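Down below is the structure, laid out as structure tokens.
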Amino acid sequence: MAIFVTGGAGFIGSNFVLDWLAQSDEPVVNLDALTYAGNPENLASLEGDGRHVFVKGDIGDFDLVIDLLARHRPRALVHFAAESHVDRSIHGPEDFIQTNIVGSFRLLEAARAYWGGLTAGDREGFRFLQVSTDEVYGTLAADAPAFSETSRYEPNSPYSASKAASDHLVRAYRHTYGLPVLTTNCSNNYGPYQFPEKLIPLCMHHALAGQSLPLYGDGLHIRDWLYVGDHCSAIRRVLEAGTVGEVYNIGGWSEKTNREVVTTLCSILDELCPRNDGRAYAEQIVLVRDRPGHDRRYAIDASRIERELSWRPAETFATGLRRTVHWYLEHRQWLRNVTSGAYRHWLAQQYGGCACGCS
Ligand code: NAD
Ligand code: DAU
């Protein structure tokens, strides 16, 4: 028995692989193209561990995927691989279309061919789990109820549109070919190994470097935050007990404005790693130009997964953020390694040369 994971060198994928192998001896075949977001260093603790088979390659490479499936005969495929950053999708949507739509399509084709060749019993037990996002549901008014599994798809960015397209393909492969699929739609994750282009690790990195902490627009956009370890436990639970063909929303009941997130991060840093000049990190916060088409509010109604699969997050935002800050403080070299030349180029493109976006 083995499971097949795509994108397992990225933020959530690497947390998933590490958590999986900490709790089970079932091997993991990990296919990752190692784009700028994929980092083998995340998996360094698995070096020499025969339960982890890492393959550098593209989910869109049908021949490679079919060959790996035939050789390792996994009982499940968990699909994390994606282009995942909204701002990058605004600058250049092409990669998002290629990986998230065309790549997912080719992966589904390979999974369908492999699954079709299994014995009846193995076919029955096989699962294709699509890791998706709350962003496919669009944006919420301040007083609207949280997204449920039946909320309408209304994606607003090239990223969320490409994820929505791949969710639709997954659904169609169930409906048309009978492929045993599961889909999860999760809210914003944070935690160890998150690439510092996303809000929390970016502000962590900039705070320590004495740079500005850029809040888009008025800083009052709302996201619903979940510690990455809780996302991983939810995926394991859905894989284990989810009903084939169903969708499960995953979230932490933890809506915060971006300003609240960053000020909380700053106060944890004030306590754990005070600035040399004794001033508050929050003084580094600046408002910068808004993200085009910026969704105002996301919120996940996670009652279905709680009710049907008895899943609950272990961390609150307060405990999860504190753990995360500790992790980044203890992994300064990891942060230094990922904030190299290509990263600086991204900052210049996104924030206009200076990290505060003022130029
Ligand atoms: P990430 O950008 O950190 O990692 C993506 C990984 O996929 C990287 O390792 C990258 O190398 C790999 N990859 C990209 N293109 C590939 C390709 N063509 N073939 C093989 N590998 C490729 O992303 P993440 O934040 O870990 O997100 C993982 C998944 O979870 C994505 O599908 C994302 O849409 C979804 N998701 C993310 C969040 C979040 O808050 N980060 C929330 C909900 C859902
Ligand atoms: O909701 C789930 C989604 O969460 C995932 O599907 C995406 O893959 C993931 O990237 C994330 O998308 P967001 O756009 O919500 O995450 P990001 O960290 O980029 O931004 C969080 C909020 O903070 C958002 O309202 C934009 C704002 N922001 C972000 C950055 C990078 C800022 O105000 N300043 C910044 O510099």
One residue from 304, 297 being charged (D, E, K, R) and either more than 19 Å from the chain's Cα centre (by Cα) or more than 16 Å from ligand 2 (Cβ to nearest atom) (or both): 304
Hits in region 174-224 (condition: of a type in the set (Phe, Trp, Tyr) and closer than 27 Å to residue 45 by Cα): 190, 193, 195
Flag if residue 160 is surrounded by fewer than 23 Cβ atoms within 10 Å (Cβ to Cβ) and under 18 Å from residue 296 (Cβ atoms): no
Qualifying positions in region 68-91 - closer than 22 Å to residue 188 by Cβ and not in a helix (DSSP H, G or I): 78, 79, 80, 81, 82, 83, 84, 85
Test: residue in region 164-173 that is away from ligand 1 (no atom under 15 Å from the Cβ) and in contact (Cβ under 8 Å) with a residue 12 or more places away in the chain: yes
Hits in region 191-224 (condition: in contact with a Leu (Cβ under 7 Å, 6 or more places away or on another chain) and either within 16 Å of ligand 1 (Cβ to nearest atom) or of a type in the set (S, T, N, Q) (or both)): 196, 200, 203, 204, 205
Filter result for residue 134 (touching a Phe, Trp or Tyr at 6+ places or on another chain (Cβ under 6 Å), within 12 Å of ligand 1 (Cβ to nearest atom) and either under 23 Å from residue 222 (Cβ atoms) or hydrophobic (A, V, I, L, M, F, W, C) (or both)): yes
Breaking point among (1) among the polar types (S, T, N, Q); (2) more than 16 Å from ligand 2 (Cβ to nearest atom); (3) closer than 20 Å to residue 294 by Cβ, for residue 157: (2)
Selection count where residues are surrounded by fewer than 21 Cβ atoms within 10 Å (Cβ to Cβ) and of a type outside the set (A, V, I, L, M), scope region 1-37: 8
Pairs, first part of a loop (DSSP other than H, G, I, E, B) in region 269-296, second more than 16 Å from ligand 2 (Cβ to nearest atom), C-beta under 7 Å, six or more apart: 273/329; 280/270
Which listed residue is surrounded by fewer than 24 Cβ atoms within 10 Å (Cβ to Cβ), under 30 Å from residue 272 (Cα atoms) and out of contact with any Asp or Glu (no Cβ under 7 Å at 6 or more places or on another chain), from 180, 192: 192
Any chance residue 341 is over 22 Å from residue 87 (Cβ atoms), free of Cβ contacts under 8 Å to residues at least 40 places away in the same chain, out of contact with any Ser or Thr (no Cβ under 8 Å at 6 or more places or on another chain) and surrounded by fewer than 19 Cβ atoms within 10 Å (Cβ to Cβ): no
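Only the coordinates and a few stated rules stand behind these numbers; no lab work does. None of these values were measured; they are calculated from a predicted model. Note: ideal-geometry Cβ built from the backbone for every residue, glycine included; neighbour counts use all protein chains shown.
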